[in-house]
Amino acid sequence: QVQLVESGGGLVQAGGSLRLSCAASGTIFSINAMGWYRQVPGKQRELVAAITSAGSTNYADSVKGRFTISRDNTKNTVYLQMNSLKPEDTAVYSCNAEVRRFYYRPAQNYWGQGTQVTVSS
């Protein structure tokens with residue numbers, strides 16, 4: 001199996017920063033894209049940022065210039081540096097990874113349990 005464990009969420013004032021981490025563990029042959037999503041009650045989950053194994057990134061328009069996604073392939077870990085946080089960034093943030101467990105099997109999507117980020121005004 002594969003587990004994704006997130007850390008780094010919490011409460012921060014508007015304008016502050018947080019850094020989220022998500023480490024993948026278990027039987028892993030390779031990891032393709034990794035990403036961060038967020039969801040607030042009553043709304044659909046939305047993509048915040050994603051990064052390929054080669055390091056190409058894409059961001060939601062709402063976070064461009066404020067958030068930075070990165071990854072350490074040696075540690076199977078993805079990070080989300082969040083700066084200039086706004087109250088509207090408040091959500092449960094979850095990481096996602098396309099994991100290939102064995103070379104002879106296609107990649108599958110795995111999700112972390114989610115971490116709460118709350119930005120106070």
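Figures for the structure shown
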read-out: Which numbered condition Ser120 fails, given (1) open to solvent by 60 Å² or more (accessible area, probe 1.4 Å); (2) more than 30 Å from Phe29 (Cβ to Cβ); value: (1)
read-out: Looking only at the range 62-81, and only at residues there that are open to solvent by 10 Å² or more (accessible area, probe 1.4 Å) and either touching a residue at least 60 places away in the same chain (Cβ under 8 Å) or touching a helix residue (DSSP H, G or I) at 6+ places or on another chain (Cβ under 9 Å) (or both), the one that is nearest to Gln3 (Cα to Cα); value: Tyr79
read-out: Pick from the range 88-121, criterion of a type in the set (A, V, I, L, M) and not in a loop (DSSP other than H, G, I, E, B), ranking: farthest from the chain's Cα centre (by Cα); value: Val119
read-out: Filter result for Arg66 (among the basic types (Lys, Arg) and over 21 Å from Gln113 (Cα atoms)); value: yes
read-out: Matching residues in the range 5-38 - criterion: being outside any loop (DSSP other than H, G, I, E, B), touching a residue at least 60 places away in the same chain (Cβ under 8 Å) and open to solvent by 40 Å² or more (accessible area, probe 1.4 Å); value: Val5, Ser7, Leu11, Gln13, Arg19, Gly26, Asn32
read-out: Any hit, the range 91-100, residues being surrounded by fewer than 15 Cβ atoms within 10 Å (Cβ to Cβ) and more than 17 Å from Gly10 (Cβ to Cβ); value: no
read-out: Restricting the range 39-51 to residues that are in a strand (DSSP E or B) and not small (Gly, Ala, Ser), the residue that is nearest to Ser62 (Cα to Cα); value: Val48
read-out: Single condition Leu85 does not satisfy, out of (1) surrounded by fewer than 20 Cβ atoms within 10 Å (Cβ to Cβ); (2) in a loop (DSSP other than H, G, I, E, B); value: (1)
read-out: Sole exception among (1) within 11 Å of the chain's Cα centre (by Cα); (2) among the aliphatic types (A, V, I, L, M); (3) loosely packed, with under 12 Cβ neighbours inside 10 Å for Ala50, by number; value: (3)
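The values are calculated or read from the model by the stated rules, or taken from the named source; none is laboratory data. Bear in mind the structure is a predicted one, so any value in this text is a computation, not a measurement. Positions of Cβ are backbone-derived with ideal geometry, glycine not excepted, and every protein chain shown enters the neighbour counts. Side chains included, ligands, DNA and RNA excluded: accessible areas come from the protein's heavy atoms. Shrake-Rupley method; radii C 1.70, N 1.55, O 1.52, S 1.80 Å.
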